[in-house]
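J.: Please find one structure pasted underneath; my questions will follow.
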Amino acid sequence: MVKVLVADKNTQKTNEYYQYLSNNMDSRTIIANSGTETITKYRKFEPNILVLDSQFDDINSIRRIVKHNS
């Protein structure tokens, strides 16, 4: 089973991704709707795939995730 984290401030978009992945893939999918929530869930869930909105208002998500993995 593939673990997927879908992160986007647009809740409609995250719900659409969640529904699609749940119906079409053998995956465990979780969603996040802010940069801070994404960082927390990324560290705890350790996804195989991250679908990421790169322009969260609260933090620079990509920079924080890359720094965490260094």
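J.: Under 9 Å between Cβ atoms, at least 6 apart or on separate chains: pull out the pairs that start in the range 48-64 with a residue that is under 25 Å from Q19 (Cβ atoms) and end on any residue that is modelled with pLDDT under 65 and open to solvent by 60 Å² or more (accessible area, probe 1.4 Å).
T.: Listed by first residue and then by second, the contacts come to L52/I62; S54/N60; S54/I62.
J.: Restricting to the range 26-57, count the residues that are over 12 Å from V6 (Cα atoms), in contact with a helix residue (DSSP H, G or I) (Cβ under 8 Å, 6 or more places away or on another chain) and either part of a loop (DSSP other than H, G, I, E, B) or modelled with pLDDT of 95 or more (or both).
T.: Residues in the range 26-57 being over 12 Å from V6 (Cα atoms), in contact with a helix residue (DSSP H, G or I) (Cβ under 8 Å, 6 or more places away or on another chain) and either part of a loop (DSSP other than H, G, I, E, B) or modelled with pLDDT of 95 or more (or both): 2 in total.
J.: Of all residues in the range 4-39, how many are under 10 Å from the mean Cα position of the chain (by Cα) and either of a type in the set (D, E, K, R) or open to solvent by 60 Å² or more (accessible area, probe 1.4 Å) (or both)?
T.: Qualifying residue count for the region: 2.
J.: Going by the structure shown, is N60 surrounded by 12 or more Cβ atoms within 10 Å (Cβ to Cβ), more than 9 Å from the chain's Cα centre (by Cα), modelled with pLDDT under 90 and more than 11 Å from V4 (Cα to Cα)?
T.: So N60 fits the description; yes.
J.: Hey, another quick one. Looking only at residues that are open to solvent by 40 Å² or more (accessible area, probe 1.4 Å) and charged (D, E, K, R) in the range 40-57, which one is nearest to N15 (Cα to Cα)?
T.: Among those residues, the one meeting the criterion is K41.
The values are calculated or read from the model by the stated rules, or taken from the named source; none is laboratory data. All values derive from a computational prediction rather than experimental measurement. Positions of Cβ are backbone-derived with ideal geometry, glycine not excepted, and every protein chain shown enters the neighbour counts. These accessible areas exclude ligands, DNA and RNA; they are computed on the full protein's heavy atoms, side chains included. Shrake-Rupley method; radii C 1.70, N 1.55, O 1.52, S 1.80 Å.
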